[in-house]
Structures are given as structure tokens and as C-alpha cells.
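For reference, the structure is listed below as C-alpha cells.
The values are calculated or read from the model by the stated rules, or taken from the named source; none is laboratory data. Here the structure is a predicted model, which is why all the values come from computation and not from measurement. All Cβ positions, glycine included, derive from the backbone under ideal geometry; neighbour counts span all protein chains shown.
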Amino acid sequence: MQVTLPLEQMSTAEKLQVMESLWADLSRHEHQFESPAWHEQVLRERDEALRAGRETPMDWETAKARLRKLRP
């Protein structure tokens, strides 16, 4: 099944509402989803790097600003 939304005609608020609806629906069935096999390993590596001092936490506002600078 392919669903096509008129994204170009939708406001940002409408797009966010669609995303929230999708997330709410997926969250109701989270027990049906399994994380990919590689996910646990990545999380362990990141936790280890944090504990060893090779990584430091970053607040969300700083992270968003950094990600925005990466956009083409």
C-alpha cells in the first residue's frame, strides 16, 4: 500500500500532527518491533566511550545547532 500526502500543500503544523499520529500508532505496538542487531553494540560502544572520557554529553540545543551546520 502506498500512501501519498499532499506535503507541499500541508502546513508545518499539519505535518507535525501527521508525524505525531504515526508515532502514537507505532508506539502502541512497540512490542512488535525489535531493535536491529547492531544497535546494542553501538549503544555499548558509546556508553564505554562516555565512561572512559572519550565522549562528553551535549545539551540538546547545542546538538541541534551543530547538526544544522552540517546541512548542505
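Hey, residue 5 hits all of (1) assigned to a helix (DSSP H, G or I); (2) over 16 Å from the mean Cα position of the chain (by Cα); (3) of a type in the set (A, V, I, L, M) but one; which does it fall short on?
It fails just one condition, (1).
Just to be sure I understand, how many residues within the range 8-18 are part of a helix (DSSP H, G or I) and surrounded by 10 or more Cβ atoms within 10 Å (Cβ to Cβ)?
Qualifying residue count, the range 8-18: 5.
Could you run through the range 20-47 and say how many residues are exposed (fewer than 10 other Cβ atoms within 10 Å of the Cβ) and part of a helix (DSSP H, G or I)?
Matching residues across the range 20-47 total 9.
Taking the residues in the range 48-72 that are outside any helix (DSSP H, G or I) and of a type in the set (A, V, I, L, M, F, W, C) as candidates, determine which candidate is modelled with the highest pLDDT.
Top of the filtered list is 52.
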